[in-house]
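Beneath this line is the structure, given in structure tokens, with notes to follow.
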Amino acid sequence: MIERVRAVLVTADDTMLVIRRTRPGIPVYWVLPGGGVEPGDESREAALHREIHEEIAGKADIVQLLHTMESDEERQLFYLARIATWSFDDRTGPEFSTEGRGEYALEEIPLTVEGLDGIDLKPEEIAHLLRGAIGAGALRAEAAK
């Protein structure tokens, strides 16, 4: 089974970092930073740190596991994390140089239901969960400490 890790990256300004995906023939959508757990990763958290470094040249403090989604082929683990520094210009992930993968653009959206409603975050299950958590104030930087 393939395992993937993703991060809900909350900034000190109570925004969330998301990646806008633009691919030919597919409507624009957004995803959370992250990717596959590799055999050399010491843990899922180590895989998430590696992915955050590759995708946004950032360092995050992982707060907790928020949600797990599982199908026959794949398990996705979504973590809440705080992030203070990042640089999308310094990303190093292999997906950015692979032909035909489309465009990746880092965006910072308000950590509000309205901010989340303004994008098409995939998968819908995590978008729904985040709407509830945001509405409850559970993801704000001070709540994540």
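So here's what we get for this one:
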quantity: Residue within the stretch 124-131 that is modelled with pLDDT of 95 or more, at negative phi, among the charged types (D, E, K, R) and assigned to a strand (DSSP E or B) present; calculated: no
quantity: Matching residues in the stretch 98-123 - criterion: being modelled with pLDDT under 90, assigned to a loop (DSSP other than H, G, I, E, B) and not small (Gly, Ala, Ser); calculated: Thr98, Glu99, Arg101
quantity: Cβ-Cβ under 8 Å pairs, at least 6 apart or on other chains, the stretch 77-94 side within 14 Å of Val8 (Cβ to Cβ), far side modelled with pLDDT under 75; calculated: Leu80/Ala144; Arg82/Ala141; Arg82/Ala144; Arg82/Lys145
quantity: Where Asp89 falls short, out of the listed (1) within 13 Å of the chain's Cα centre (by Cα); (2) in a helix (DSSP H, G or I); (3) surrounded by fewer than 17 Cβ atoms within 10 Å (Cβ to Cβ); calculated: (1)
quantity: Residue satisfying condition, being touching a helix residue (DSSP H, G or I) at 6+ places or on another chain (Cβ under 6 Å) and within 24 Å of Gly118 (Cα to Cα), within set Gly34, Gly58, Gly102, Gly25; calculated: Gly34
quantity: Checking Glu38 against (1) at pLDDT 95 or above; (2) in contact with a strand residue (DSSP E or B) (Cβ under 7 Å, 6 or more places away or on another chain); (3) loosely packed, with under 12 Cβ neighbours inside 10 Å; (4) in a loop (DSSP other than H, G, I, E, B), the condition it does not meet; calculated: (2)
quantity: Residue within the stretch 47-58 that is surrounded by fewer than 17 Cβ atoms within 10 Å (Cβ to Cβ) and of a type in the set (D, E, K, R) present; calculated: no
quantity: Members of the stretch 117-141 that are free of Cβ contacts under 8 Å to residues at least 40 places away in the same chain and of a type in the set (A, V, I, L, M); calculated: Ala127, Ile134, Ala136, Ala138
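The values are calculated or read from the model by the stated rules, or taken from the named source; none is laboratory data. What you are looking at is a predicted structure, and each value in this text was computed from that prediction instead of being measured. Every residue, glycine among them, receives a Cβ derived from its backbone with ideal geometry; neighbour counts consider all protein chains shown.
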